[in-house]
Every structure is written in C-alpha cells, then in structure tokens.
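Let me begin by presenting the structure, written as structure tokens, before commenting on it.
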There are 2 protein chains.
Amino acid sequence: MRDSAGTASPARGTVSDLGEHALLARLRALAPPPPPWVIVGIGDDAAVLEPPRNQLDVVTTDALVEHVHFDRRFSSPADVGHKALAVNLSDLAAMGAEPRAALLSLALPDTLLVAEFDALVQAFLAAAASQRVALVGGNLSRSPGPLVVDVTAVGAVRRRRVLGRAGARPGDALYLSGTVGAAAAGLGWLRAHAGAEAPREPVPPIVERYRRPSPRVRLGVIVGRNRAAAACVDLSDGLADAARQIAGASGTGAVLDAAAIPVDAGAREWYQGQGLDPLEAALAGGEDYELLFAVPRRRRRGFLAAARLARDTRVTCIGAVTEGPTVALRRNGREEALPAGFAHFADRR
Amino acid sequence: MRDSAGTASPARGTVSDLGEHALLARLRALAPPPPPWVIVGIGDDAAVLEPPRNQLDVVTTDALVEHVHFDRRFSSPADVGHKALAVNLSDLAAMGAEPRAALLSLALPDTLLVAEFDALVQAFLAAAASQRVALVGGNLSRSPGPLVVDVTAVGAVRRRRVLGRAGARPGDALYLSGTVGAAAAGLGWLRAHAGAEAPREPVPPIVERYRRPSPRVRLGVIVGRNRAAAACVDLSDGLADAARQIAGASGTGAVLDAAAIPVDAGAREWYQGQGLDPLEAALAGGEDYELLFAVPRRRRRGFLAAARLARDTRVTCIGAVTEGPTVALRRNGREEALPAGFAHFADRR
C-alpha cells in the first residue's frame with residue numbers, strides 16, 4: 001500500500017470525494033501496530049515478513065464480488081469485510097496452516113460511503129485481530145461497477161503437517177466439522193424477505209451463519225499439527241463438492257451416509273417450510289466453511305482427541321472413502337448420486 | 001485454486017458457457033510444471049511454498065480494473081495479462097526482492113470469450129516464465145461488470161538487502177532507471193486515435209510502453225544485493241509521486257533537476273505535437289514502472305557498477321534528497337513546485 005501524508009477526515013461523503021491517499025490514511029489509522037515479524041508493513045511498495053523458522057509458507061487468494069458473492073441488500077459492508085477474511089482463513093485451515101498475515105485489495109464504487117468503507121475495514125480488522133492475523137498491505141482502486149474485496153492470506157505450516165486434499169485412501173472415515181446447510185438457508189431466508197419493507201421477523205441464526213462464517217482455524221491447525229488426518233478440504237462450495245474434491249484429488253470414491261449428516265436445525269426448519277428436502281439442499285448449498293477430513297482408521301482416536309482439544313466445533317463421522325470412482329449418498333439402504341455442488345461461477349443471484 | 005476433473009475444450013464461446021471448473025482446467029493445462037520448492041501448487045485450498053533459506057518473504061498485491069486501469073479498446077486481453085503481472089513485479093523490484101510466485105484472481109464478465117481468457121492467461125504465464133515466476137494459485141469468479149485482474153506476487157530478499165522507501169538522507173543522489181513519459185503518452189495516443197475506424201498509422205513504441213511495461217526486476221535485485229541504494233520506489237504513479245513518496249517516508253525533501261530528467265523521445269514528440277510541456281506531462285504521467293533510487297555519496301560508484309551489471313536499462317542522476325520538507329523541480333535556475341502526481345483513484349478514463 002502506498003504511503004500518504006493525509007490524515008483521517010470525518011466519515012462523511014463518498015470514497016470518491018476522499019480519494020485514494022485519504023482512504024489509505026484512514027485504513028492505516030484503523031490498523032493496529034504490526035507484530036515484530038512484520039519487517040515492512042503497510043505503506044511501502046510491498047510487505048516484508050520474516051517467515052517462522054522451519055515452516056513452509058501457505059498462500060491463498062479469494063475474492064468477494066458484489067452481485068456474485070454478496071448483495072448489499074443482504075450483507076452490510078461490515079459483513080462483507082468479515083467474510084472476505086473468513087473465506088481465506090478457511091482455505092488456510094483446510095491446509096492445516098496457521099494464519100499470519102493478509103493483504104486487502106479493494107475495488108470501490110464511487111458511490112460507496114466513507115462510513116461504509118470504514119465499517120468494512122473495521123470488521124475485516126476485527127476478524128483479523130481475533131485470529132491474530134496482521135494486515136500487511138494491499139491495494140485500493142476505483143470500481144466502475146461492483147464492490148470487489150480481494151484478500152490474500154498468508155500462513156505457515158510445518159512440512160510434515162500439510163493437510164492436502166490428495167491424501168485420502170479407501171477405508172478412511174470422512175469427518176465433518178459443525179453442521180451444514182445454514183449459510184445457504186440464511187441466504188434463502190434473506191431472498192424471501194427482500195422487499196421494499198424491512199423484514200418484520202427477527203433475523204434467525206441461519207442468516208448470521210451466512211453473513212458471518214467462522215472459519216475452523218483452530219481445528220485445521222490442531223488436526224494438522226497432530227497429523228490426525230490424511231486429507232482435508234473446506235466446504236466453500238458445499239459438502240457434495242467437498243467430497244468430490246477429496247475423491248477426485250486422491251483418486252478414490254466416497255460414500256456419504258445420509259442419516260449421519262448433521263444438517264443445521266434452523267436450516268432444516270427453513271427448507272421444510274419451503275417444501276424442500278433439507279438434506280439435498282444442505283449437500284448442494286455452499287458457504288458453510290466447515291472442514292471435511294479423511295481420517296485413516298489408525299488415526300481416528302488421535303483425530304477425535306485433536307478435535308476435542310481444538311474446542312472449535314464438534315466433528316461427525318458422515319461417511320467413508322471408497323475404492324471409487326463414484327461419489328455417492330447412502331440413503332435408506334440405497335446408494336444414489338450426490339446432487340451437483342454449488343458453483344459461484346454459474347450462480348446468478 | 002480448485003481442482004477440476006474437466007478437460008480443456010476448444011476455445012469457443014464465452015467464459016460463462018464454460019463455467020469455473022472448465023476454465024480452471026484450461027488454466028492448469030496452460031501452466032508449466034511448478035519448480036520443486038512449490039510443495040502444493042494450483043488445485044488445492046491454498047499453495048504451499050518452501051521459503052528460500054535465510055531470506056524474508058516479500059508480498060504485494062495490485063489489481064487492474066477495466067475502465068479504471070485499462071480499456072479493452074486500447075489493450076488486448078494479452079496486454080492486460082502481461083501488465084497485471086508486471087505491475088506487481090515492479091513492486092517487488094522496488095524492494096530489492098527476487099520474484100518467485102504469483103496468485104491470479106480473476107473476476108470475469110460473462111461476455112468474455114474463452115479465446116480472450118486463454119490469451120490473458122497465456123500472456124500472464126509468458127511474462128511469469130520470463131521472470132522465473134511460478135503461478136501457484138488463485139481464484140476465478142464472475143463479474144457483473146468490469147474485468148478485474150488481481151495479482152499477488154511473492155518474492156524473497158535477504159534481511160540486510162531490503163530496499164525500503166524510508167532510508168533516504170539529505171545529500172543522497174536520486175537516480176532514475178530508463179526514461180519517463182512514454183506510458184502516459186502512449187495512452188494519450190490511443191485515446192486520440194480511438195474512433196470507429198482502426199487507426200491508419202502504425203502504432204508507435206510509446207503505445208507498447210503503455211501496454212507492456214517491463215518491470216526493472218534485475219536492476220532492483222542487483223542494487224539490493226549490493227546494498228547500493230538507501231531507498232527505492234517504483235514509478236507506478238509517476239515520477240513526481242515517486243519523489244514525494246521517498247521524501248515523505250524518509251522525512252526529507254527532494255529536488256529534481258529538470259534538465260537531467262530523461263523524457264522518452266517518442267513521448268516528447270507526442271506531447272509537443274499536443275502543445276503540452278513534455279517534462280510536466282512526463283512528471284505527472286503514471287505507469288512508467290521505472291525505479292527511483294536514493295544513493296548515498298559513498299555508494300555511488302557501487303550503484304553505477306550494480307546498474308551496469310544488471311544490464312536492464314541505463315540509470316540517470318536526476319536530482320538529490322534535501323533537508324526538506326519541500327519536493328521541488330529546479331528549472332532554469334529556479335525552483336518550482338512539482339506538478340501533482342498521477343492518481344488512479346481519481347482518474348476517470
């Protein structure tokens with residue numbers, strides 16, 4: 001990020017009234033002092049970080065694009081700031097990596113209010129602080145259309161503790177963190193209540209799960225540290241997609257046990273009210289940001305101990321890795337094809 | 001980047017016809033095999049990289065947003081792919097860092113042709129290969145508006161060889177790589193020739209300087225390695241801005257010598273034809289992606305030797321760091337204020 005001699009002005013007007021230098025000054029004023037391993041932070045051409053000794057660097061990038069990944073009728077700027085970091089930390093967690101630093105690249109519509117910019121940045125920084133992630137740089141530019149929040153997250157992991165997605169073997173158990181279906185149900189609830197009037201009902205917890213996902217950072221790190229799983233992916237594109245990703249990368253199949261899949265109670269209620277099968281909706285719905293692990297038989301005890309230690313969320317055995325190549329759902333004693341996964345790219349919200 | 005079991009299909013139709021999985025498969029088919037220090041590359045939740053021994057990580061991100069940073073009437077998808085990497089490598093070069101890896105995050109309009117996607121990715125990969133940069137991950141999403149190309153570049157530098165922008169001291173000489181003014185003049189030429197008809201004149205070299213900047217990677221790395229400069233910035237936002245950035249970060253002033261500033265010959269001709277002062281236009285024009293160094297007197301000989309060794313471009317002494325705080329232009333024996341820098345954020349192309 002570029003340096004600026006400007007000082008933060010009051011939160012009035014739009015970002016285009018202020019301009020890049022003043023916005024950067026605001027951002028720098030909001031960011032806490034960096035930890036000592038940040039040799040050069042915000043304000044130079046690039047950030048310089050001291051890598052932790054004997055660890056590997058883990059890097060990922062993921063963007064939230066307005067009208068594709070979020071709608072400002074349904075998510076506040078603060079929700080978007082929180083989620084943009086969360087989805088990247090979820091990717092690090094799925095590798096067993098401890099998050100360290102983030103870069104924030106924003107493309108801002110001219111009409112965005114300075115107060116909205118502040119709220120987005122503050123929520124991003126609050127989420128970062130809660131996971132001990134340092135904002136070390138980024139980029140601000142105008143957008144002629146959507147608000148785009150592109151985040152790069154940097155983490156660290158020891159070589160023998162990387163949780164790839166390709167390590168699953170037939171016979172491994174599939175364990176899922178938390179519950180599924182809530183985020184997609186929350187978005188469904190918001191769409192159903194999108195009207196000229198503000199919704200009269202109180203916003204249910206499924207909406208919070210959609211707006212403010214909690215990446216399973218501790219769980220991923222502790223499972224990786226204890227080498228308690230053979231493979232892991234996150235559920236950004238849904239459980240059905242996650243099972244396919246592990247199977248595809250590992251050259252195996254998978255079978256999920258319908259009766260074991262923990263569908264969120266609020267999501268179940270929402271889908272039933274809509275006349276939909278809660279399980280099918282939960283399998284296909286994206287954005288739960290839970291983790292799916294493949295756990296060899298001899299590591300199950302260690303995996304469950306690690307999961308308890310993480311105190312992040314419960315884990316549930318929901319199926320097994322098979323010889324393949326099919327990825328199936330076992331329901332009422334029969335195997336059927338998994339529903340198609342959630343695809344951001346094809347989704348036209 | 002997500003894994004995909006799909007295979008590359010012929011370059012027909014639009015990106016929305018193909019969808020994310022098929023586009024990722026195309027991208028993976030185009031990317032060369034990664035070097036051995038890429039432990040996990042494209043296709044998992046995050047990339048895992050082995051850091052070079054005893055070096056620091058350097059990370060930067062910079063986006064090109066359609067209608068803000070480029071116009072598809074003036075730059076081809078291949079130009080955009082090349083430039084998106086170049087502007088990030090320029091930031092690494094300004095820190096003295098050797099580039100290693102890049103992440104590519106694309107927000108793609110539905111109407112973008114698959115052939116355009118391929119051309120963008122191929123030019124990005126060609127620029128990466130020429131600088132020995134490995135594409136290790138990224139993200140694809142739809143865009144409801146502009147094409148957005150957001151790149152994160154990762155490099156490495158030894159601790160004592162970091163070229164920050166804050167190290168300048170009064171008395172240091174200011175050295176500039178290459179020439180200034182060409183990129184902004186090239187954009188001016190394109191705008192002047194933007195019409196329904198294709199321009200009849202051949203495209204002059206200033207247009208190539210605008211479309212395909214060459215980041216000064218070797219120069220930055222070799223100057224850093226020889227500790228031959230006290231501070232450095234790149235000229236993404238123009239020479240006037242760069243001088244202000246070094247002075248502002250270092251708590252100094254600066255004076256540039258008008259007669260010494262090497263304005264590109266083609267740019268000079270273009271600006272004179274437009275009735276503009278070439279020097280003022282070159283000072284304010286952005287996107288030259290040259291480097292500005294502050295060089296202490298006792299290091300000048302070493303700096304010039306390092307610059308010769310880099311065989312990247314010539315360097316010119318164009319002024320000096322002063323006690324400050326003013327940043328001025330000395331012209332015809334008088335000092336005057338520098339023109340305002342180039343600001344992407346305020347620029348409405």
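Values in this text are rule-based calculations from the coordinates and carry no lab data. Bear in mind that the values here come from a model prediction, so they are computed numbers and not experimental data. A quick note on method: Cβ atoms are made from the backbone with ideal geometry, for glycine too, and the neighbour counts reach across all protein chains shown.
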Quick one: Karplus J couplings for region A:155-164, per residue in order, coefficients 6.51, -1.76, 1.60, θ = phi - 60°, nearest Hz, x for Gly and Pro?
-> x, 9, 8, 6, 4, 7, 10, 5, 9, x
Principal semi-axes in Å for region A:84-126 [√(5λ), Cα gyration tensor, largest first] = 26, 10, 8
Relative to the other copies, what are the label-point distances for A:E269, with labels 7 Å from Cα along the C-beta vector, expressed in nm at one decimal and sorted shortest first?
-> 7.6
So what is the calculated 222 nm ellipticity per residue for chain B, using -39500 (n - 2.57) for each DSSP H run with n of 4 or more, over all residues, to the nearest 500 deg cm²/dmol?
-> -10000 deg cm²/dmol
Mean separation of Cα contacts under 8 Å, 6 or more apart, over the residue count of region B:173-337: relative contact order % = 42
On a 0 to 90° scale, report how tilted helix B:239-250 is relative to the longest principal axis of chain B, with both axes built from alpha carbons and the result rounded to the nearest 10.
-> 80
Taking the Cα centre of region B:173-337 as origin, sum charge times position over the Cβ atoms of Lys and Arg (+1) and Asp and Glu (-1), and report the length of that vector in debye to the nearest 20.
-> 1020
Alpha-carbon gyration tensor eigenvalues x 5, square-rooted, for the protein assembly as shown, Å | 46, 26, 23
So how do A:I206, B:I261 line up by other beta-carbon neighbours within 10 Å, fewest first?
-> B:I261, A:I206
Cα long-axis angle, helix B:182-192 against chain B (0 to 90 degrees, to the nearest 10) | 60
Of the peptides A:174-180, B:234-240, A:210-216, B:320-326, how do they stack up when ordered by the mean number of other Cβ atoms within 10 Å, highest first?
-> B:234-240, A:174-180, A:210-216, B:320-326
Note the distances from A:P144 to each other copy's matching label point, with points 7 Å along the Cα-to-beta-carbon direction, in nm, sorted shortest first.
-> 1.8
Checked against the positive end of the charge dipole of region B:15-160 (+1 on Cβ of Lys and Arg, -1 on Cβ of Asp and Glu, about the Cα centre), the farthest of B:L56, B:A86, B:S141 is B:L56
Relative to the Cα centre, what is the charge dipole magnitude of region A:31-187, using +1 at the beta carbon of each Lys and Arg, -1 at the beta carbon of each Asp and Glu, and rounding to the nearest 20 debye?
-> 740
Within the P(r) computed for region A:215-349, what percentage of the Cα pairs occupies the region above 25 Å?
-> 26
Please get the size of the charge dipole for chain B, origin at its Cα centre, with Cβ charges of +1 on Lys and Arg and -1 on Asp and Glu, quoted in debye to the nearest 20.
-> 1620
Normalised by the residues of chain B, what does the relative contact order come to in percent, with Cα pairs under 8 Å and at least six apart?
-> 21
Helix B:300-310: angle to the longest alpha-carbon principal axis of chain B, degrees 0 to 90, nearest 10?
-> 30
By Cβ position, which chain B residue lies least far from the axis that rotates chain B onto chain A, and what is the distance to the nearest whole angstrom?
-> B:G145, 1
What nm distances, shortest first, do you get from the label point of B:H193 to those in the other copies when the point sits 7 angstrom along Cα to Cβ?
-> 5.8
